[in-house]
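Novice: I'd like to ask you about the structure that follows.
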Amino acid sequence: MRMKTLTLVASLSVALVAGCGGGLKYRVDDGALDAVPSGDRQGIFAAQNELEVAKSEERTANSQLDSWDRDRDIAKNEKEQANLEVEKAAAEQEAANASHNENQANAARHNKDVADFGIKVAEQKLSWLDDKKDWLKAARKAAEAHVAAAQAKVEFEKAKCAQQKGIKPDSDFSVSNYESQWKDKNGDYEDAKKDAASEEKDAKSSEKKWQELQQQKQKMGG
């Protein structure tokens with residue numbers, strides 16, 4: 001039992017270290033650059049600013065996904081209400097037909113058409129929200145990739161600074177390793193951005209269809 005507990009603790013420790021490291025293989029200890037004046041670390045500061053921007057994007061993406069859950073619940077309730085409107089309109093149409101009043105029957109038939117169209121609008125909204133979730137998930141993935149790329153850029157800038165000052169943080173120190181690490185992470189970020197842009201295009205198209213259906217329903221008098 002004690003061995004299992006120790007194994008679990010060790011696993012959690014590794015996970016925490018990996019999370020803090022951002023998955024980077026090459027890192028320059030901040031202490032190695034303590035003697036470098038601030039004026040000579042402008043590249044590092046710029047990269048750190050970009051990292052903060054990337055983290056902000058990640059927080060925004062997570063917040064938007066949280067909001068999506070609420071929007072989806074609202075849309076589901078609207079679909080249920082639309083179903084009730086169809087049932088109500090069908091009952092009114094049946095009563096109108098039974099009355100043999102042509103004007104009443106025509107009005108009831110129109111109301112039933114509007115109610116049926118309301119189902120179509122509600123279903124399209126749910127479809128749009130599904131597409132929107134794919135977009136938001138892709139946007140979050142892109143933000144996460146941006147964070148990783150920005151972290152790698154910070155380390156690359158620190159490595160360049162160390163080289164310029166003749167500092168060797170470790171025995172295997174090579175700026176090219178840091179540059180390759182950044183290029184790999186930045187490549188992942190660029191790919192993730194393209195995927196997010198593609199998902200956004202699909203979501204916007206789906207949203208436009210929903211808006212057009214809404215307008216048609218309004219013209220019908222619904």
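Novice: How much mean residue ellipticity at 222 nm does the chain get from its helices, if each DSSP H run of length 4 or more adds -39500 (n - 2.57) and you divide by all residues, to the nearest 500 deg cm²/dmol?
Specialist: So the helix-based figure for the chain works out to -31500 deg cm²/dmol.
Novice: Helix 175-220 against the longest principal axis of the chain: what's the angle in degrees, Cα atoms only, rounded to the nearest 10?
Specialist: Helix 175-220 and the main axis of the chain meet at about 10 degrees.
Novice: About the Cα centre of the chain, what is the dipole size in debye to 20, counting +1 per Lys and Arg Cβ and -1 per Asp and Glu Cβ, all else neutral?
Specialist: Details: 36 positive and 41 negative charges, 76 e Å.
Roughly 360 debye, rounded to the nearest 20.
Novice: Please identify, among Ala145, Ala90, Ala196, the residue showing maximal mean-square fluctuation in a Gaussian network model of the chain using a 10 angstrom Cα cutoff.
Specialist: Ala90
Novice: Can you give me the angle between helix 2-21 and the longest principal axis of the chain, using Cα atoms only, in degrees from 0 to 90, rounded to the nearest 10?
Specialist: On a 0 to 90 degree scale, this one is about 90.
Novice: So, one more: Which angle from 0 to 90°, rounded to the nearest 10, does the C-alpha axis of helix 102-164 make with the longest principal axis of the chain?
Specialist: Approximately 0 degrees, to the nearest 10.
Novice: Further question: Filter the cross-link list Lys132/Lys193; Lys88/Lys209; Lys183/Lys204; Lys25/Lys193 down to pairs whose alpha-carbon distance in this structure exceeds 21 Å. The partial results should precede the final answer.
Specialist: Numbers: Lys132/Lys193 16 Å; Lys88/Lys209 26 Å; Lys183/Lys204 31 Å; Lys25/Lys193 23 Å.
Cα-Cα > 21 Å for Lys88/Lys209; Lys183/Lys204; Lys25/Lys193; rest within.
Laboratory data are not the source of any read-out in this text; all were calculated from the coordinates shown. This one's a predicted model, so the numbers in the text were calculated from it and none came from an experiment. Please note: Cβ atoms are built from the backbone with ideal geometry, for glycine as well, and neighbour counts cover all protein chains shown.
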